[in-house]
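Bear in mind these aren't lab numbers, they're just calculated from the coordinates by the rules spelled out. Because the structure is predicted, anything quoted here is derived from the model rather than measured. For neighbour counting, all protein chains shown are included, and Cβ atoms are generated from backbone atoms with ideal geometry for every residue, glycine included.
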Amino acid sequence: MVDRRKRPQGGADVLVFLDRHRLAHTPDHYAFAHEYLNGDNEQLRERVDGAIDGGVRLTEEQVQELRPAVRTGLASELDHITMRVIDVVGDAMAVTSDLSRELVTASAALLDEPGASAGPLLATMLRRAESAEASFAEAAARARQIRAELTALQAAGKHDPLTGLTNRTVFQERLAGDLRSPTCVALVDIDGLRQVNDGHSPGVGDRLLKVVARALAEYGRSHLVSRWDGGTFALLIEGMDLRAAGEMVTAACEAIGARELKVRESDAPLGRISLSAGVVASRGRELGALLEAAWQQLRSAKRSGGNQVSVEGAVTVVR
């Protein structure tokens, strides 16, 4: 069987995989190979490993059968960008091929007529080289634009579109990495967000999420603050012990809860909101166990009526 990959495989590795199986460099094939080499779909990986065991090449029919059927909007964007990359590379190769062919022709002409003047021929080739240079410059500009779009797509995949905070995926990836000890995790949830949405509108609820996100990011500016989902936020607090982390989260919740908020459309008072939070220390626990401990503390704060910060071993009522 094929060994499990120990590190992410880059674009060059994906192309090597396609070439090894004599698969065309199409967006579908690229997406398939990238998912196999880097994705977390274990079922796909096992099926592909089984199909290529013993050095067997994949066929086009097998790829269509094996590749995940679900396509996302991001995949569609990547398809579009991939085709543009192929166009840029193809154009550059065409220019290079044409220039090389003309240089060979010119060299042959000089060899055939050694006494002939090289001036007109060299002038022609100089103009051709200048044209090729301009084509390469245009290709470079197109490549830079594509790079900018890919960077934007990468950022979009790591951030919550509403609040601008990093998303849960980024939080979990960072939590699974090398962290500065001591490390604590906090989950903070808006009490009564559903009532705000139902009593006013989802738009008001969205603006409330933005307010809380900005405040948490300000209080936790030295730490990673992410939106988990719904009205829940996650903080990865590094270099701070459990007591200090609990105090920081409590201070943030108190400051946010002290604000008198209004509904923009009517200028009617929204009143004060409250937050509940659970804070735990890593203590060498695995990612799953650490997150579950944080959820237990958050649930404990909620069950006690909300407006509380539940730290492992202690509970603080937010004033």
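The string of couplings for region 185-198 from the Karplus curve (6.51, -1.76, 1.60, θ = phi - 60°) is 10, 10, 10, 10, 10, 6, 6, x, 4, 4, 5, 5, 5, 6 Hz, one whole number per residue in order, with x for Gly and Pro.
Here the label points at residue 134 and residue 174, each 7 Å from Cα along the C-beta direction, are separated by 4.9 nm in the simple model. One chain, two ends: residue 255 and residue 197. Fully extended at 0.36 nm per residue, the span grows by 18.7 nm beyond their Cα-Cα distance. Using only side-chain charges placed at the Cβ, +1 for Lys and Arg and -1 for Asp and Glu, the dipole size of region 221-289 relative to its Cα centre rounds to 20 debye. Computed on the Cα trace of region 168-317, the radius of gyration divided by the Kirkwood hydrodynamic radius gives Rg/Rh = 0.98. Its relative contact order, with pairs defined as Cα atoms under 8 Å and 6+ residues apart, puts region 168-317 at 28 percent.
With the simple model of a label 7 Å out from the Cα in the direction of the Cβ, residue 222 to residue 22 spans 6.1 nm. Over all pairs of different C-alpha atoms, region 11-66 has a mean inverse distance whose reciprocal, the Kirkwood radius, equals 11.2 Å.
Multiplying the residue separation of residue 210 and residue 262 by 0.36 nm and subtracting their alpha-carbon distance yields 17.3 nm.
Each residue of region 257-319 gets 105 Å³ once the volume of the Cα convex hull is shared out per residue.
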